[in-house]
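The values are calculated or read from the model by the stated rules, or taken from the named source; none is laboratory data. Values in this document were obtained by computation on a predicted structure and should not be read as measured data. Positions of Cβ are backbone-derived with ideal geometry, glycine not excepted, and every protein chain shown enters the neighbour counts.
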Amino acid sequence: MYKFFKIILITMIICLSKYSYGFSNTEKIKIGLLVPLSGEYKDLGELIIKSTRIALKDINTEKIEIYPKDTGIDPNKTLQSASELKNIGVKIFIGPIFFKSLLYLDEIEDVIFLSLTNKTTDLPKNVISTGVNSLSQINAIKKFLKLNEIKKTIFLMPDLDYKIEIQKAIKQSKIEISKQYTYNTKPTELTKQIEDITNYKIRKQNLADEIQRVQESDVENKDKKIEKLKKRYTIGNVNFDSVIISDFDESLKSVITSLLYTDISPKKKYFITFNQWFDESLLKEKNFQPLYYPSINKKNLEKFNNKFTKEYNIKPNHLSLLSYDLLGLIYYLSLKTDFSNIKDIFKKKNSFKGKIGIFDIQNNKINHRLNFYKIDEGEFKEIF
């Protein structure tokens, strides 16, 4: 098992090690780790520290030194911690976790922060978002639509702040969307909006009109036809083949429930959503299935979770795996890149295969090549 994890993380590193010129054999790579070690998110910070320790053990090098520092969720405390670490020679950081902690980090020069946030707008120049962002997810959805020759897709997004991220990603990805809609997350408002989007009242009236027409006609088997019609909810199709819902948890379930209420079924239309991190509560929602979404590599996630649990007797979360990969990414780049000009190391086009999947690096941006899954018959099934 140890050999398997080590091979996954540093296969590419071994191939490149003889061409290394980023650091001398004796020079240490000092990595700052900016995580909450106090307050309500203290446990999250501890999980991330444990993940980097596992990565360090798997890489098996004495070149890396990790310096954890508390950020809480306070941007001032984050700035102070980062400044203190820079003063001891740290040039590259994993963290902070939260977007609001990034507020003052542009005051520190000649360093790079690999933040665990998935937000990509309004970032300081020295911060790179490494989370599974909207563009990475929409690129995977775009691939799925193309593979299945799905032509008419509508996009539903909640009327919340992060819709700006989603709209930006839709434009960047050049995904073909027939129409975009924003919806109110309040259940009563949401249902009315879904009714309008799906022309529910018109389709329901079509059914009532057809029942009346048959009742007033002289057709054969009139009673049977009427009985059959009364088992339906609507008559008439909608002008889309698939619907993308960029929502999560109970809010996602509310949207799908509203679609079902308006007689839109995942058996007839593709229901696609954003990364749900293999939320097992969705396995029980048989009426929602099949449900499609992009995510990280599930097999690698399970292997990492088992390794982590065996090591520490607690379960990690998805940020644990990301922080594990980021340590491997930094080491990989240190073997092939000159760290003396830290601002340039993420500008060149590059790729790194981690446990999450493949990291694509260019112009100080990181996107992920994601897998694609469906929830069907109470199981997670990989599509690509």
Margin query: Looking only at the range 343-371, how many residues end up being outside any loop (DSSP other than H, G, I, E, B) and surrounded by fewer than 16 Cβ atoms within 10 Å (Cβ to Cβ)?
Written below: 5
Notebook entry, point to check: Would the range 229-244 turn up any residue that is closer than 25 Å to residue 366 by Cβ and in contact (Cβ under 8 Å) with a residue 60 or more places away in the chain?
Noted result: yes
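For (1) closer than 15 Å to residue 301 by Cα; (2) hydrophobic (A, V, I, L, M, F, W, C); (3) in contact with a Cys (Cβ under 8 Å, 6 or more places away or on another chain), each residue gets a yes or a no:
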{"site": "328", "(1), (2), (3)": "no, no, no"}
{"site": "332", "(1), (2), (3)": "no, no, no"}
{"site": "344", "(1), (2), (3)": "no, no, no"}
{"site": "370", "(1), (2), (3)": "yes, yes, no"}
{"site": "379", "(1), (2), (3)": "no, no, no"}
{"site": "384", "(1), (2), (3)": "no, yes, no"}
Check: If residue 62 passes every condition in (1) of a type outside the set (S, T, N, Q); (2) modelled with pLDDT of 95 or more; (3) surrounded by fewer than 17 Cβ atoms within 10 Å (Cβ to Cβ) but one, which one does it miss?
Finding: (2)
Note to self: Could you list, ordered by first residue, the pairs with Cβ atoms under 7 Å in which the first is in the range 308-328 and among the charged types (D, E, K, R) and the second is loosely packed, with under 15 Cβ neighbours inside 10 Å, at least 6 apart or interchain?
What the structure shows: 315/309
Check: Does residue 73 satisfy the condition of being surrounded by fewer than 19 Cβ atoms within 10 Å (Cβ to Cβ), in contact with a helix residue (DSSP H, G or I) (Cβ under 7 Å, 6 or more places away or on another chain) and of a type in the set (Val, Ile, Thr)?
Finding: yes
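Conditions (1) free of Cβ contacts under 8 Å to residues at least 40 places away in the same chain; (2) of a type outside the set (A, V, I, L, M, F, W, C), marked per residue:
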{"position": "142", "(1), (2)": "yes, yes"}
{"position": "160", "(1), (2)": "yes, no"}
{"position": "164", "(1), (2)": "no, no"}
{"position": "184", "(1), (2)": "yes, yes"}
{"position": "192", "(1), (2)": "yes, yes"}
{"position": "205", "(1), (2)": "yes, yes"}
{"position": "246", "(1), (2)": "no, yes"}
Next item on the list: Determine whether the range 83-102 contains at least one residue that is out of contact with any Ser or Thr (no Cβ under 8 Å at 6 or more places or on another chain), assigned by TED's automatic domain parsing to the domain that holds residue 330, surrounded by fewer than 15 Cβ atoms within 10 Å (Cβ to Cβ) and closer than 30 Å to residue 170 by Cα.
Entry: yes
Note to self: Quick test for you: out of 232, 213, pick the one residue that is touching an Asp or Glu at 6+ places or on another chain (Cβ under 9 Å), outside the structural domain of residue 141 (by TED's automatic domain parsing) and basic (Lys, Arg).
What the structure shows: 232
Margin query: List the residue pairs whose Cβ atoms are under 9 Å apart, where the first residue sits in the range 271-286 and is over 12 Å from residue 256 (Cβ atoms) and assigned by TED's automatic domain parsing to the domain that holds residue 166, the second is charged (D, E, K, R) and part of a strand (DSSP E or B), and the two are 6 or more positions apart or on different chains.
Written below: 283/379
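Sort out which residues of the range 1-57 are in a loop (DSSP other than H, G, I, E, B), small (Gly, Ala, Ser) and modelled with pLDDT under 50, and write them in order of number. Show your work before the answer.
To start, the set of residues in the range 1-57 that are in a loop (DSSP other than H, G, I, E, B) comprises 1, 20-28, 36-38.
With small (Gly, Ala, Ser) added as a condition, the list becomes 20, 22, 24, 38.
Residues satisfying the conditions are 20, 22.
Among what's in the range 372-382 and is out of contact with any Lys or Arg (no Cβ under 6 Å at 6 or more places or on another chain) and farther than 26 Å from residue 119 by Cβ, pick the residue that is surrounded by the most Cβ atoms within 10 Å (Cβ to Cβ).
Initially, the range 372-382 is screened for residues out of contact with any Lys or Arg (no Cβ under 6 Å at 6 or more places or on another chain), giving 372-373, 375-380, 382.
With the extra rule that they be farther than 26 Å from residue 119 by Cβ, the set shrinks to 375-380, 382.
On the way: 375: 25, 376: 16, 377: 10, 378: 12, 379: 10, 380: 17, 382: 12.
Here the residue is 375.
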